[in-house]
Amino acid sequence: MPLTWLILGANVIIFLLQSTGAQFQLLTYMALWSGGAPEAYYTSAGGYPTFQIWQLVTYGFLHGSTTHLFFNMFALYMFGLPLEQYWGRKRFSTYYFTCMIGAGVIQLLVTWGSAPPVPTLGASGAVFGLLLAYGAMWPRNRIMLLFPPIPMEARWFVIIYGGLELYLGVVSPGSKVAHFAHLGGMLFGALLLWQWGWRPFRK
C-alpha cells in the first residue's frame, strides 16, 4: 500500500479521535506549541503546554476542522500519489517529513515569544511542499482548481499560491492561518530538491 494512503488514513483516524473526549490530550501533546512566553504562562495553574521536539512531526496529523482536513487530504492525494509513484516510498517519505518539520521550525521562529503560547496544527506545511515538488517535476501539467474550476499549469499554480501565502503572511501577521509555515514547507522542499539535483533555471 502506498505511504500516501497510510498518511491519509492516519490523519483521518486522529481527526476522528479529536471528535471524542481525547481532544484535549491530543492538542496538549501533539500540537506544535510555541515557546518563549513569560514563565507564568507555563507554571501557573492550568498553564499552557510547552514545546516538545516530537511536536515537529505530530502537529502535522491534527486538524482544526473538517474543511481543514478535507483540503489537506485532497491535496495529499492529488500531489502525493504521483510523487510517491515517481520517487518511491523512501524518497517520498524523506521529502514529506522534511517539509513538515521545516514548516514547523519556521512556525516556531515566527511565533516564538507569543503570549499566550500559540498551538499550530495541520499537514498544510507538508502539503505545500508537495505542491512545490509537483510543480518542479511536471511544471506544464494542468491542475484543475476547485474555486474557480479552471485549469492551470502546475508551475503557475505554485507561483500564485506561494506569492499569495507570502502576501497574506506579511499583511496579516496575527492570522490564525500559519502562512509562514506553508512557505516553510515550500522552502525546505526546495532545498531538498536542490540537494537532489533539481535546477529550475537550467535549460
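Return the residues of the stretch 13-41 that are without any contact (Cβ under 8 Å) to a residue 12 or more places away in the chain and either among the charged types (D, E, K, R) or more than 18 Å from Ser124 (Cα to Cα) (or both); say none if nothing qualifies.
Within the stretch 13-41, Leu16, Leu17, Ser19, Thr20, Gly21, Ala22, Gln23, Phe24, Gln25, Glu39, Ala40 meet the criteria.
If you take the residues in the stretch 6-22 that are part of a helix (DSSP H, G or I) and out of contact with any helix residue (DSSP H, G or I) (no Cβ under 8 Å at 6 or more places or on another chain), which one is farthest from Phe97 (Cα to Cα)?
Per the stated criteria, the residue is Leu16.
Mind checking which residues of the stretch 53-89 are out of contact with any helix residue (DSSP H, G or I) (no Cβ under 7 Å at 6 or more places or on another chain) and either acidic (Asp, Glu) or closer than 19 Å to Ile14 by Cα (or both)?
Of everything in the stretch 53-89, those that are out of contact with any helix residue (DSSP H, G or I) (no Cβ under 7 Å at 6 or more places or on another chain) and either acidic (Asp, Glu) or closer than 19 Å to Ile14 by Cα (or both) turn out to be Trp54, Gly64, Ser65, Thr66, Thr67, His68, Phe70, Phe71, Phe74.
Could you check the stretch 149-163 and list, in sequence order, the residues that are loosely packed, with under 12 Cβ neighbours inside 10 Å and in a helix (DSSP H, G or I)?
Gly163
Could you tell me which numbered condition Leu146 fails, if it satisfies all but one of (1) at pLDDT below 90; (2) closer than 21 Å to Gly80 by Cβ; (3) surrounded by 12 or more Cβ atoms within 10 Å (Cβ to Cβ)?
Just one mismatch for Leu146, condition (3).
Could you figure out which of (1) of a type in the set (Val, Ile, Thr); (2) assigned to a helix (DSSP H, G or I); (3) modelled with pLDDT under 95 isn't true of Val127?
(3)
Which of the following residues is in contact with a Ser or Thr (Cβ under 9 Å, 6 or more places away or on another chain), at pLDDT below 95, buried (at least 22 other Cβ atoms within 10 Å of the Cβ) and aromatic (Phe, Trp, Tyr): Trp112, Trp33?
Among Trp112, Trp33, only Trp33 is in contact with a Ser or Thr (Cβ under 9 Å, 6 or more places away or on another chain), at pLDDT below 95, buried (at least 22 other Cβ atoms within 10 Å of the Cβ) and aromatic (Phe, Trp, Tyr).
Out of all the residues in the stretch 53-75, which are more than 17 Å from Trp138 (Cβ to Cβ), of a type in the set (A, V, I, L, M, F, W, C) and part of a helix (DSSP H, G or I)?
Across the stretch 53-75, the qualifying residues are Leu56, Val57, Phe61, Leu69, Phe70, Phe71, Met73, Phe74.
Only residues that are over 24 Å from Arg91 (Cα atoms) and surrounded by 16 or more Cβ atoms within 10 Å (Cβ to Cβ): list them for the stretch 178-203, please.
Once the filter is applied, which keeps residues that are over 24 Å from Arg91 (Cα atoms) and surrounded by 16 or more Cβ atoms within 10 Å (Cβ to Cβ), the stretch 178-203 yields Ala178, His179, Phe180.
Pairs, please: C-beta under 8 Å, at least 6 apart or cross-chain, first residue on the phi > 0 side of the Ramachandran plot and in the stretch 65-94, second in a helix (DSSP H, G or I) and of a type in the set (Lys, Arg)?
From the stretch 65-94, no pairs qualify.
Of the residues Ile106, Ile101, Ile7, which is within 25 Å of Ile143 (Cα to Cα) and not aromatic (Phe, Trp, Tyr)?
Ile7
Go through the stretch 76-114 and give me each residue that's among the polar types (S, T, N, Q) and part of a helix (DSSP H, G or I).
Result: Gln85, Ser93, Thr94, Thr98, Gln107, Thr111.
Could you say which residue among Met137, Met144, Met152 is touching a residue at least 12 places away in the same chain (Cβ under 8 Å) and not aromatic (Phe, Trp, Tyr)?
Met137
The values are calculated or read from the model by the stated rules, or taken from the named source; none is laboratory data. Just so it is clear, the model here is predicted, and its values are computed rather than measured. Please note: Cβ atoms are built from the backbone with ideal geometry, for glycine as well, and neighbour counts cover all protein chains shown.
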